[in-house]
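Asker: Let me give you the structure first, and then I'll get to my questions.
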Amino acid sequence: MNRPLNHSQQDAGRRYHLLSYGLMLLMIAVGAFLLLESGQQQEVVNLLPETTPTMVKRIALFGEMEQVDTTAVERLVREFAQHGMLALDLMQLRAALEALPWVYRVKVRKLWPETVEIWLQEQHAVVAWGEDGYLNGDGEFFEAAGVTFPDRRLPRILSSRRDTVAIHDQLNRFSRILGSSGYRIERMVVDRRGAVTLHMESGLELALGRRALEQRLLRWRRQSVVIMSRLNREMRKMDLRYEQGMAIGAR
């Protein structure tokens, strides 16, 4: 025969059910926290960088290089890449490479995971400038850095002025005018006032002055056949600075 529960027994039962329900909620909350914490830790691990950087182990160098010091190129790459591929600044490396003697243009790129590729264009000397440098095809000056061309007949410019591009263009125009007559310019001298004197490979000297230079040279070319046929062996200098004629300097 079941007896009805008294009030104290009913209260104890309710406390037992509440305690069981609270423990179940606590276990669910702890499980959810552990699961969430585990997921957050895994995400942080994936985002952390590698503790050891990927180092540059190979340099691929392309281009025709006759005068460029390739050991200096390699030394610069290793210096800029000492902290790994990720930290390597390609713009700074390119600027440093283009500052090397006889380097004209440079392109660089990273080839992951461990290679730096370099395309290098060397300076091409077309004119000797003074005694310590050359001009490239664009008329830009660069240091000779101890390099000479004894087997190449480069025209030489001796100029007190530093506008290399304009003077180089002027030399090209003079060479085109004289080329059809068989004359080749060995040296072009420009003084502080801008007066120009041309020295031919044959030993002939042409003084052009400062004004109407191309017109004076064209006039000489038209008359040179007759003049040189009569005075070739005695000719040393032609002064073309006169408006209506020229002065002949004999040997």
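Asker: Test ALA125 against the stated conditions and say whether it is out of contact with any Pro (no Cβ under 9 Å at 6 or more places or on another chain) and of a type in the set (Gly, Ala, Ser).
Answerer: yes
Asker: Would it be correct to say that SER202 is free of Cβ contacts under 8 Å to residues at least 24 places away in the same chain, part of a loop (DSSP other than H, G, I, E, B), in the same structural domain as VAL225 (by TED's automatic domain parsing) and surrounded by 12 or more Cβ atoms within 10 Å (Cβ to Cβ)?
Answerer: Answer is yes for this residue.
Asker: Exactly one condition in (1) surrounded by 13 or more Cβ atoms within 10 Å (Cβ to Cβ); (2) part of a loop (DSSP other than H, G, I, E, B) is not met by THR148; state its number.
Answerer: Just one mismatch for THR148, condition (1).
Asker: Here is a further query. Kindly indicate whether ILE59 is β-branched (Val, Ile, Thr) and modelled with pLDDT under 85.
Answerer: Criteria not met by ILE59.
Asker: Just to check your reading of the model, which residue among LEU97, LEU86 is touching a residue at least 24 places away in the same chain (Cβ under 8 Å) and in a loop (DSSP other than H, G, I, E, B)?
Answerer: Among LEU97, LEU86, only LEU86 is touching a residue at least 24 places away in the same chain (Cβ under 8 Å) and in a loop (DSSP other than H, G, I, E, B).
Asker: In the list ASP169, ASP138, which residue meets the criterion of being assigned to a loop (DSSP other than H, G, I, E, B) and either surrounded by fewer than 19 Cβ atoms within 10 Å (Cβ to Cβ) or among the aromatic types (Phe, Trp, Tyr) (or both)?
Answerer: Step by step, each of ASP169, ASP138 is checked, and only ASP138 is assigned to a loop (DSSP other than H, G, I, E, B) and either surrounded by fewer than 19 Cβ atoms within 10 Å (Cβ to Cβ) or among the aromatic types (Phe, Trp, Tyr) (or both).
Asker: May I pose another question? Consider the range 178-193. How many of its residues are buried (at least 16 other Cβ atoms within 10 Å of the Cβ) and under 36 Å from the mean Cα position of the chain (by Cα)?
Answerer: Here the count works out to 6.
Asker: Checking ILE118 against (1) assigned by TED's automatic domain parsing to the domain that holds THR197; (2) in contact with a Gly (Cβ under 9 Å, 6 or more places away or on another chain), which single condition isn't satisfied?
Answerer: That leaves (1) as the condition not met.
Asker: Name the single residue that is surrounded by the fewest Cβ atoms within 10 Å (Cβ to Cβ) among those in the range 100-123 being hydrophobic (A, V, I, L, M, F, W, C) and within 13 Å of the chain's Cα centre (by Cα).
Answerer: Result: TRP119.
The values are calculated or read from the model by the stated rules, or taken from the named source; none is laboratory data. Computed from a predicted structure; not experimentally measured. So basically every Cβ, Gly included, is an ideal-geometry build from the backbone, and we count neighbours across all protein chains shown.
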